[in-house]
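Let me begin by presenting the structure, written as structure tokens, before commenting on it.
Here, each number is a calculation from the coordinates, and none is a lab measurement. The shown structure was predicted, so the numbers you read here are calculated from the model rather than taken from an experiment. Please note: Cβ atoms are built from the backbone with ideal geometry, for glycine as well, and neighbour counts cover all protein chains shown.
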Amino acid sequence: MDVRALRYFVETVRHASFTQAAKALFVTQSTVSKMIRQLEEEAGTPLLVRDGHTARPTDTGRVMYQRGLQVLETMRQLSEELRQTAELQRGSLEVGIPPMINLLFTPVVKRFREQHPGIHLTLREGTGRTVEDLVAGGELEVGATILPLAADSGLAAQAFGSYPIWVIGPPDAAWAGKTSLPLSALRDTRLLIPTDDFAMTRRLRQAFADAGLQPGIAAQSAHWDFLVAMASAGLGAALLPEPLMRRMKTRGLSTAKLAKSGLQWEVGHIWQQSGYLSYAARAWLEVCDEVLGGPRSAAARKRAGRP
């Protein structure tokens, strides 16, 4: 059923006149008459009784009028909600963030809430691999993880930070006093690293394999502070990305940057390569660009499917 014809009909009943309805709608009287005839043909029954210059609804016309009012109000509300969504005045967004990355997002969340108070933002925590699976499966629009991604992931990625890995060990570590270490210096060191479901651990294992080294793993934990505590107790050397290391109590411990290994803690956003990004998701990425890094180039935005 043509919504425009329904609007013309409602106005005609409201004014009880084709002429007055045409004036209210800023169209010709013949246009109103034509649209209402089409509506009657579609309904299969007369909707108006025409009496000179007046028009009054039939019994079926009264039903059409009452339901028409409801339909037009629903359409008005729909248009308003679409406008508010496009203008970021309403909506919701769920972003996947691994626990090890969430500390980077405090200023992002603050800025996003300031700029878009009408958007309900939810942060969903999970390991990098979990976030990647959720985004790939369409359960999340956008997330953050450790890069690079697998070539066949089907996800688009944009890095927003690259940080060195630090080695944290007991005060009497063999390398104590050094400010940087090559990967080979850890050949005989018992290592304390995150569990295997962390993307950083996958990167570490690959880096050791590429260097022809077999890492000696003393323990693994999903809790960064526990890794540092074990290092402090002399159980081995913990490997942590710089943003996390700077937030740990390492006074009195041996610390050195892992250098010349080509290994960086690179973090970035991910979304489906061929998927649609909502207005809220695009706004989130824009805020992240503002807070965590410089604005993207036009080419990068085009590749990402963003305006």
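Tabulated data for the structure shown
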quantity	calculated
18 Å cut-off, amide nitrogen to a point 7 angstrom out along residue 202 Cα→Cβ, residues in segment 80-111	96-102
Cβ-derived FRET efficiency at R0 45 Å, residue 120 paired with residue 251, nearest 0.05	0.65
5 angstrom amide H check on residue 165, placed H, neighbours 5+ away	258, 265
Virtual spin-label span in nm between residue 24 and residue 81, 7 Å along Cα→Cβ	2.6
Structure-derived Cα extents along the principal axes in Å - corresponding label in (1) 105, 35, 33; (2) 79, 72, 32; (3) 70, 42, 32	(1)
Span from the segment 215-246 Cα centroid across to the segment 26-43 one, whole angstrom	76
Most to least packed among 231-240, 24-33 [average Cβ atoms within 10 Å]	231-240, 24-33
Separation of the residue 106 and residue 274 label points, Cα + 7 Å toward Cβ, nm	4.2
Gyration tensor (alpha-carbon) shape descriptor, segment 111-211, a/c threshold 1.5	prolate
Spin-label pair residue 63/residue 260, simplified geometry with 7 Å Cα→Cβ offset, distance in nm	8.7
Straight-distance crosslink candidates among lysines, where the alpha carbon sits under 28 Å from residue 257 and sequence neighbours closer than 8 are dropped	178, 249
Residues of segment 258-282 with amide N under 15 Å of the 7 Å Cα→Cβ point at residue 179	258-260
Amide H within-cut-off set for residue 143, under 5 Å, with H built and near neighbours excluded	96, 270
